[in-house]
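Colleague: Starting off with a structure, shown below.
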Amino acid sequence: MNATMSLDKTKHYPVMLDQILRIISPQHGGTFIDCTFGGGGYSRAILKYPHTKVVAIDRDKFTEKYAENLTKKFPKRFSFFQNKFSNLSEIINLNLNPRAIIFDLGLSSFQLADPQRGFSFKSKGFLNMEMGINKYSAYDVVNTLDKRYLTKIIKVLGEERDGKIIANRIARQRTKNPIKNSKELASIITDVKKNYKKYKKNPAQKTFQAIRIFVNQELTELVLGLIAATKLLSKGGILIVVSFHSLEDKIVKYFFNLYSNLKKNPSRYLPLDENKSILFKLLSKKVITPDKKEISQNNRSRSAKLRYAIRNDKSFFYPHEFKKKFESYFEMEEVRL
Ligand SMILES: C[S@@+](CC[C@H](N)C(=O)[O-])C[C@H]1O[C@@H](n2cnc3c(N)ncnc32)[C@H](O)[C@@H]1O
């Protein structure tokens with residue numbers, strides 16, 4: 001996630017903003033829900049159009065200062081809630097009828113750049129990695145989680161083949177002294193992955209991803225957030241998700257495909273529009289990615305994947321099959337320390 005030389009690393013550049021504005025067309029007005037406010041890049045861009053309203057959410061209390069600026073500027077058109085998007089149904093009135101609900105997953109550049117948050121490999125601040133409203137920190141996970149369990153999360157949530165040796169080394173290290181910061185953790189991992197010079201990415205990247213996902217229960221959040229958003233959207237409402245790694249994209253892709261018109265008709269005897277398994281209209285199954293120009297300007301965007309779907313109808317059924325498919329992530333992320 002390094003910004004290119006031409007850009008200020010502490011500034012957040014909204015990823016695929018042009019594509020998003022094209023999809024949601026705010027020039028026609030309406031209410032938009034920004035589930036991942038961050039530095040407010042999307043919200044601000046939408047509010048430039050006069051007949052729009054934005055309801056924004058972020059779990060991180062540090063985003064409140066960016067939100068306050070917008071509340072002052074647009075007191076009637078902007079509101080902010082510090083909450084998790086899995087609680088969307090409790091925050092938003094069911095009759096709001098939003099034109100679009102947007103998720104831009106993962107970390108903001110502000111979170112990554114703040115050494116006190118512990119997200120970056122070089123950070124010497126407390127090993128935190130909490131986005132906000134968490135049960136435990138990365139320090140708790142790294143220093144107390146059972147070794148077998150640590151192996152599992154590094155392997156599954158980080159898609160890291162060397163999960164077992166990394167977890168063994170962490171477990172050995174913590175019996176001597178607690179692992180206090182991200183720099184220390186990164187160097188333990190780098191030491192295990194001796195041939196790391198061959199890697200394009202930092203050798204600690206996958207393990208950091210795993211621990212961050214676990215600390216923030218990110219996959220559970222995503223599954224529940226998508227379900228809650230679907231319930232809020234009326235016919236024609238748009239659900240947009242920008243994801244940054246394959247576990248997230250797999251969830252979004254599966255959800256949209258399973259409940260869309262483009263899935264092969266599950267019942268041969270029913271015409272497609274009478275089939276109860278449809279929540280969305282998909283214009284295409286193809287993923288949208290940033291263009292070369294954006295990647296060259298903002299390196300953080302290089303792994304972004306945008307998918308969107310249009311609500312088929314106001315009627316909602318609970319997507320049990322989808323939730324069941326990712327049950328193992330729920331079990332994994334719900335473990336108590
Ligand atoms: C990539 S940033 C969003 C940037 C934003 N689109 C912009 O243009 O400034 C992701 C934000 O989502 C927030 N976030 C991540 N998971 C969340 C969740 N489950 N509930 C609410 N906010 C979440 C993070 O705290 C972070 O601020």
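Colleague: Out of Lys122, Lys193, Lys164, which single residue is at pLDDT below 95 and more than 27 Å from Thr36 (Cα to Cα)?
Modeller: Just a single option satisfies the conditions, and that option is Lys193.
Colleague: Could you look through region 95-112, keep only residues that are in contact (Cβ under 8 Å) with a residue 60 or more places away in the chain and open to solvent by 50 Å² or more (accessible area, probe 1.4 Å), and pick out the one that is farthest from the ligand (Cβ to nearest atom)?
Modeller: Out of the qualifying residues, it is Asn97.
Colleague: Can you report the number of residues in region 113-126 which are of a type outside the set (Gly, Ala, Ser) and either open to solvent by less than 40 Å² (accessible area, probe 1.4 Å) or within 13 Å of the ligand (Cβ to nearest atom) (or both)?
Modeller: 3
Colleague: Hey, among the residues in region 28-61 that are of a type outside the set (Ser, Thr, Tyr) and farther than 25 Å from Leu226 by Cβ, which one's least open to solvent (accessible area, probe 1.4 Å)?
Modeller: Per the criteria, the residue is Gly29.
Colleague: Being surrounded by 16 or more Cβ atoms within 10 Å (Cβ to Cβ) and charged (D, E, K, R) is the filter here; which residues of region 79-94 pass it?
Modeller: Of everything in region 79-94, just one residue is surrounded by 16 or more Cβ atoms within 10 Å (Cβ to Cβ) and charged (D, E, K, R), namely Lys84.
Colleague: Which members of region 163-181 meet the condition of being crowded, with 19+ Cβ neighbours inside 10 Å and under 23 Å from Leu247 (Cα atoms)?
Modeller: If the condition is that a residue be crowded, with 19+ Cβ neighbours inside 10 Å and under 23 Å from Leu247 (Cα atoms), then Gly163, Ile166, Ala167 are the ones that fit.
Colleague: Restricting to region 190-204, count the residues that are among the charged types (D, E, K, R) and either buried (at least 18 other Cβ atoms within 10 Å of the Cβ) or touching a helix residue (DSSP H, G or I) at 6+ places or on another chain (Cβ under 8 Å) (or both).
Modeller: 2
Colleague: Then there's this: Looking at Lys76 and the list (1) at pLDDT 95 or above; (2) open to solvent by less than 50 Å² (accessible area, probe 1.4 Å), which single condition is not satisfied?
Modeller: Of the numbered conditions (1) at pLDDT 95 or above; (2) open to solvent by less than 50 Å² (accessible area, probe 1.4 Å), the odd one out for Lys76 is (2).
Colleague: Then there's this: Of everything in region 205-238, what is over 29 Å from Tyr136 (Cα atoms), open to solvent by 10 Å² or more (accessible area, probe 1.4 Å) and outside any loop (DSSP other than H, G, I, E, B)? Give them in sequence order.
Modeller: Lys231, Ile238
Colleague: If Ser187 passes every condition in (1) open to solvent by 10 Å² or more (accessible area, probe 1.4 Å); (2) in contact with a Gly (Cβ under 9 Å, 6 or more places away or on another chain); (3) among the polar types (S, T, N, Q) but one, which one does it miss?
Modeller: For Ser187, the failing item is (2).
Colleague: Quick check, is Tyr66 aromatic (Phe, Trp, Tyr) and more than 9 Å from the ligand (Cβ to nearest atom)?
Modeller: no
Colleague: Further question: What is the residue count in region 33-55 for residues that are within 23 Å of Ser234 (Cβ to Cβ) and more than 9 Å from the ligand (Cβ to nearest atom)?
Modeller: 10
Colleague: So Ile133 ticks every box in (1) within 11 Å of the ligand (Cβ to nearest atom); (2) buried (at least 21 other Cβ atoms within 10 Å of the Cβ) but one. Which box is left unticked?
Modeller: (2)
The values are calculated or read from the model by the stated rules, or taken from the named source; none is laboratory data. Being a predicted model, the structure only gives us computed values, none of them experimental. FYI the Cβ positions are ideal-geometry reconstructions off the backbone, even for glycines, and counts take in every protein chain you see. With ligands, DNA and RNA removed, areas are computed over all heavy atoms of the protein, side chains included. Shrake-Rupley method; radii C 1.70, N 1.55, O 1.52, S 1.80 Å.
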